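Q: If you scroll down you'll find the structure; I have some questions about it.
The values are calculated or read from the model by the stated rules, or taken from the named source; none is laboratory data. Source: prediction; values computed, not measured. Cβ sites come from the backbone with ideal geometry, for glycine too, and all protein chains shown count toward neighbours.
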Amino acid sequence: MNISVRPLLLAAATVLLGTALAGCNTSPGAAAVVGNDRIAVTTLQQTVDRALKDPAAQQQLGQDRAAFVRNELSRLITNIVVAKAAADEHVTVTNSDIDKELDTLAQQTGGKQQLIQAASASGVPEQDLRNFVRYFVMQQKLGDALAANISVSDADLQAAYQKDIDKYDQVDSAHILVKTKAEADKILAQVKANPSSFAALAAKDSLDTGSKTNGGELGFQGHSQFVKPFADAIFAAKPGSFIEVHSQFGWHVVHVIAHKTTALSEVAPQLKATILGPQRQALVQKELSSVAGRIGVHVNPRFGIWDSKSAKVVAPKDLGGLSSPAPGSST
């Protein structure tokens, strides 16, 4: 699948670090020094080599190696600042937190193997993926902690819940579509007498070519996914029942298989985070800017200079005659 995991995470995690210090106050062999933490040149070099080992990543990201090195160094610096800020707020990330996020990403990319392939092609090799996700989760939890005391009204939560109600209230159903009520009456009697015959009758008699080969199965769907008469009927019916519904498409014999709901209380934290998105991000930016300014960020001029506004290592206008703005491959 052509899904880039790096942008998926970085777009959500990118923040401004504000008035961080920049300069050449680094120790020998260091690519950067962030507070008391030292990012060794060898660490940066190995990180870049691993990221570009996948041919797809090399083609996509390795054409300008110096720029990619600056991006990777920026990420390593940001990780340290995020970790410092998280520690200040007593935020921790558990293995369970990371596993949950990895599962979510796997669902979005079509499976675990697809996630690994997409991440590798995006410059995040399998061996680094878990740590990459760790810092993403850490920043999200930091945002949660900083926004914890900001209240959201019950009305706003309810409105957000109703806006996405199709995610929280779904019915699993199967149907057999026919032209006349007489046909529907006959089939309804048959499936009530012998429920196991439903799939075969759907394959034989249903006019819905999209579902008949699957026994008429429509899967879990929200109310808005169906025409109103059909949706109203199946959402009102008892799970396990067989009903007859008339719509603009004809007559439906429907097996209402299951009805699942997710209560507002279960998703309130997620909804609150969404509602507070802009405020939450502003709080994170402010906190990281404060931490970076307090501890200091110093970049080896061999690799560039630290731009506090973009929170990135950028190419200096003048490298001072240095001929190696980026480390070569260690292989």
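Q: Look at GLU266 and say whether it is closer than 20 Å to ALA147 by Cα and charged (D, E, K, R).
A: So GLU266 passes the test.
Q: Is there any pair with a first residue in segment 279-299 that is closer than 18 Å to ALA145 by Cβ and a second that is hydroxyl-bearing (Ser, Thr, Tyr) whose Cβ atoms are under 7 Å apart and which are 6 or more apart or on different chains, and what are they?
A: Correct list of pairs: SER289/THR19.
Q: Which of the residues that make up segment 33-71 are among the acidic types (Asp, Glu) and touching a residue at least 40 places away in the same chain (Cβ under 8 Å)?
A: Across segment 33-71, the qualifying residues are ASP37, ASP49, ASP54.
Q: Does ARG294 qualify as being buried (at least 18 other Cβ atoms within 10 Å of the Cβ) and not hydrophobic (A, V, I, L, M, F, W, C)?
A: no
This table checks each residue for (1) among the aliphatic types (A, V, I, L, M); (2) at pLDDT 95 or above; (3) out of contact with any strand residue (DSSP E or B) (no Cβ under 7 Å at 6 or more places or on another chain).
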residue	(1), (2), (3)
ASP232	no, yes, yes
HIS246	no, yes, yes
SER289	no, no, yes
ARG294	no, no, yes
ALA326	yes, no, yes
SER330	no, no, yes
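Q: Scan VAL267, VAL284 and give me the residue that is of a type in the set (Val, Ile, Thr), under 28 Å from the mean Cα position of the chain (by Cα) and outside the structural domain of ASN36 (by TED's automatic domain parsing).
A: Result: VAL267 is the single residue among VAL267, VAL284 that is of a type in the set (Val, Ile, Thr), under 28 Å from the mean Cα position of the chain (by Cα) and outside the structural domain of ASN36 (by TED's automatic domain parsing).
Q: If I filter segment 37-61 down to residues being in a helix (DSSP H, G or I) and over 25 Å from the mean Cα position of the chain (by Cα), which single residue comes out as farthest from ALA83 (Cα to Cα)?
A: Per the stated criteria, the residue is ASP49.
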